[in-house]
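The values are calculated or read from the model by the stated rules, or taken from the named source; none is laboratory data. All of these numbers come straight from a predicted model, not from anything done at the bench. Don't worry about glycine lacking a Cβ; one is built from the backbone with ideal geometry, like all the others, and counts go over all protein chains shown.
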């Protein structure tokens, strides 16, 4: 027994973590690179999970119960949300390092908004909130970065649904010089003290869930398109007496094709 | 499990996932993605357990928790938090949460935590109901009970009360045999007559004889005056002979004769005096065994045992434990001038699980002590004696009338093995033989049940 009792025991000091030497803050480019790689690393296992899930679905298609299908939907939603986080990180990397570029091409703006709204309700639905999409018949020709602009609209719609009480609405209005995409909710609105830092990044918002990165990214993307993102009062009936919801308006310059 | 659960989380996926998990435990589930909606729902409908996220957009979980408890103070709230930090736990408990679990939520842990909360809530409701029941229950004399076992006693007492048949009450110490005797008297047509009680174990034979039958002046050295015996004094009423099993053997023929003839002859007298008292006896001994051992006369046994009433042990009385506990809390609180709301659910659980070898008397002492020690306005686990706090139920209940006492097959098996091991002094080979298992199977079961082996040592 004695010969075998030389077991390895952790030294008493091993119970507390060893001190980690603090490093100096990295320069913004390195940080952006880091976020870019992180996003990339996240996407490849996500791709595997998506593919695996899809194979499972195909193989067991005939034997799936309603419960299985719900589990599938929940898994899909989870994957999409992780994908969004990866997107946010790479966008953030590009915006923070100054390497952000638009990849523009001719598009149908109406179609873009419609798909962005559909994507928002697929990723973060809320049963209690009716999401209305009130768009004029298209097409409406524009030149834009589909992926980024669509992302900006999705983020604002998700934000509206999250803060709505019963209803959120997306509309599009044309003026001679602008296309105005209005995303309204019947929630409690944005408190005045939050309005100044609404689009700034890395600011903690006490009563909000999430990092609050969506609005800031949407803002930058819209500005890159020579447009602006403004906060107005919602025209929806208030969800609770005495409150006025928020209306985020994306204004994009359009060229009259006459 | 059964019960209705409300899930509140601003992430609908989380709501749907929790709903799916909880439905697998056969629970009814509602969910809301906003704290305000959840509050409205809580105001209009009853829920047995509420699960809420801690960091939500419209209303924080801690705030929601406080407001829910403002509307429904009895509902256990479980906080689901994405943050496994100590601070988050403290924040939720401070807001009045019953428990908390961290995300990602493990299905087994969820089931366990919700199950415990349900049980806690049910006990809390039960304690509340009992507070009303103590007031509302039709008292049977001073006997209090809603259990089937006690209902049988009440029924029997009602049926025999009006006859003059001798009643023998058998039961463990502390089960309230004298209260049953008093109930027989109170229900009978003799209720306006005297009820006299004498403890046969409390005095030597000669003294007992003089007590029961009386004596004439000068019958013995100290007999300065004549004295009427209890049989005569109880005329028109009931004579209760407690601990009849302790009656000295030389007294037994005299008692038998008195019961047969319905007359007594006082010591030193030469005249038979007739009496008209109903005889009720009680014992905690197994009188039939005493008869077999020739320590108790068989003819006397049959004479006193015309109707036999079994006073049930407290552990056979299911929910009566809490009913009585509440009754005692109120009595001792009033006596000591303390404002006591009742019994905390966790303490109630301990009381229900304990096996009460000293029966109602032990419960009464326990509550008297608890009320004396009370620090808050409720009896808590800390106010209970150590042995009740530490007690682990190993009782074998096969033939129960009480749904709350139904055991799972596994638990019954665990307790049975434990019992057999105790009987054979921890000898596992012998236990395996008796149980008809081979040794290895027994070891496997012991491993499965964990604690059994430890306790059997």
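Looking across region B:358-379 at every residue that is assigned to a loop (DSSP other than H, G, I, E, B) and at pLDDT below 90, the one that is surrounded by the most Cβ atoms within 10 Å (Cβ to Cβ) is identified as B:374. Looking at the structure I just gave you, is residue B:265 closer than 17 Å to residue B:208 by Cα and free of Cβ contacts under 8 Å to residues at least 40 places away in the same chain? Answer is no for this residue.
Does region A:170-191 contain any residue that is under 23 Å from residue A:242 (Cα atoms), surrounded by fewer than 19 Cβ atoms within 10 Å (Cβ to Cβ) and out of contact with any strand residue (DSSP E or B) (no Cβ under 7 Å at 6 or more places or on another chain)? Yes, region A:170-191 has at least one match. Checking each residue of region B:30-43 against the condition of being more than 10 Å from chain A (Cβ to nearest Cβ), over 24 Å from residue A:186 (Cα atoms) and either buried (at least 23 other Cβ atoms within 10 Å of the Cβ) or free of Cβ contacts under 8 Å to residues at least 40 places away in the same chain (or both) gives no match.
In region B:20-29, the residue that is surrounded by the most Cβ atoms within 10 Å (Cβ to Cβ) out of those that are more than 9 Å from chain A (Cβ to nearest Cβ) and touching a strand residue (DSSP E or B) at 6+ places or on another chain (Cβ under 7 Å) is B:22. Of everything in region A:151-168 that is away from chain B (no Cβ under 14 Å) and crowded, with 23+ Cβ neighbours inside 10 Å, the residue that is nearest to residue B:33 (Cα to Cα) is A:157. For region A:90-135, the tally of residues that are over 30 Å from residue B:7 (Cβ atoms) and part of a helix (DSSP H, G or I) stands at 15. In this structure, residue B:244 qualifies as under 23 Å from residue B:188 (Cα atoms) and surrounded by 15 or more Cβ atoms within 10 Å (Cβ to Cβ). Here is the figure for region A:169-199: residues that are within 13 Å of another protein chain (Cβ to nearest Cβ) and without any contact (Cβ under 8 Å) to a residue 60 or more places away in the chain total 7.
Tell me yes or no: at least one residue of region B:139-148 is assigned to a helix (DSSP H, G or I) and at pLDDT 75 or above. Checking region B:139-148: at least one residue is assigned to a helix (DSSP H, G or I) and at pLDDT 75 or above. Residue count for region B:329-349 satisfying the condition of being buried (at least 23 other Cβ atoms within 10 Å of the Cβ) and part of a helix (DSSP H, G or I): 4. Given the criteria surrounded by fewer than 22 Cβ atoms within 10 Å (Cβ to Cβ) and either away from chain B (no Cβ under 13 Å) or in contact with a strand residue (DSSP E or B) (Cβ under 9 Å, 6 or more places away or on another chain) (or both), does residue A:76 qualify? It is false that residue A:76 is surrounded by fewer than 22 Cβ atoms within 10 Å (Cβ to Cβ) and either away from chain B (no Cβ under 13 Å) or in contact with a strand residue (DSSP E or B) (Cβ under 9 Å, 6 or more places away or on another chain) (or both). Of all residues in region A:124-144, those satisfying the criterion of being within 14 Å of chain B (Cβ to nearest Cβ), under 20 Å from the mean Cα position of the chain (by Cα) and modelled with pLDDT of 90 or more are A:125, A:126, A:127, A:129, A:130, A:131. Residue count for region B:107-117, restricted to those that are buried (at least 17 other Cβ atoms within 10 Å of the Cβ) and either at positive phi or out of contact with any strand residue (DSSP E or B) (no Cβ under 8 Å at 6 or more places or on another chain) (or both): 0.
Name the residue, out of A:103, A:148, A:81, A:57, that is more than 14 Å from chain B (Cβ to nearest Cβ) and either within 24 Å of residue A:200 (Cβ to Cβ) or touching a strand residue (DSSP E or B) at 6+ places or on another chain (Cβ under 6 Å) (or both).
Numbers: A:103 fails: either within 24 Å of residue A:200 (Cβ to Cβ) or touching a strand residue (DSSP E or B) at 6+ places or on another chain (Cβ under 6 Å) (or both); A:81 fails: more than 14 Å from chain B (Cβ to nearest Cβ); A:57 fails: either within 24 Å of residue A:200 (Cβ to Cβ) or touching a strand residue (DSSP E or B) at 6+ places or on another chain (Cβ under 6 Å) (or both).
Step by step, each of A:103, A:148, A:81, A:57 is checked, and only A:148 is more than 14 Å from chain B (Cβ to nearest Cβ) and either within 24 Å of residue A:200 (Cβ to Cβ) or touching a strand residue (DSSP E or B) at 6+ places or on another chain (Cβ under 6 Å) (or both).
Restricting B:104, B:73 to residues that are surrounded by fewer than 18 Cβ atoms within 10 Å (Cβ to Cβ) and under 38 Å from the mean Cα position of the chain (by Cα) narrows the list to B:73. Just to be sure before I move on: is residue B:3 within 13 Å of chain A (Cβ to nearest Cβ) and in contact with a helix residue (DSSP H, G or I) (Cβ under 9 Å, 6 or more places away or on another chain) in the structure I sent? Here the answer is no, as residue B:3 does not meet what is asked.
Taking region B:44-71 as the region of interest, how many residues are under 23 Å from residue A:165 (Cβ atoms), more than 14 Å from chain A (Cβ to nearest Cβ) and without any contact (Cβ under 8 Å) to a residue 60 or more places away in the chain?
Looking only at region B:44-71, we keep the residues that are under 23 Å from residue A:165 (Cβ atoms), and these are B:44-45, B:47, B:50-68, B:70-71.
Subsequent filtering for residues that are more than 14 Å from chain A (Cβ to nearest Cβ) retains B:44-45, B:47, B:50-51, B:65-68, B:70-71.
Then keep just the ones that are without any contact (Cβ under 8 Å) to a residue 60 or more places away in the chain; that gives B:44-45, B:47, B:50, B:65-68, B:70-71.
Going through region B:44-71 one residue at a time, the tally reaches 10.
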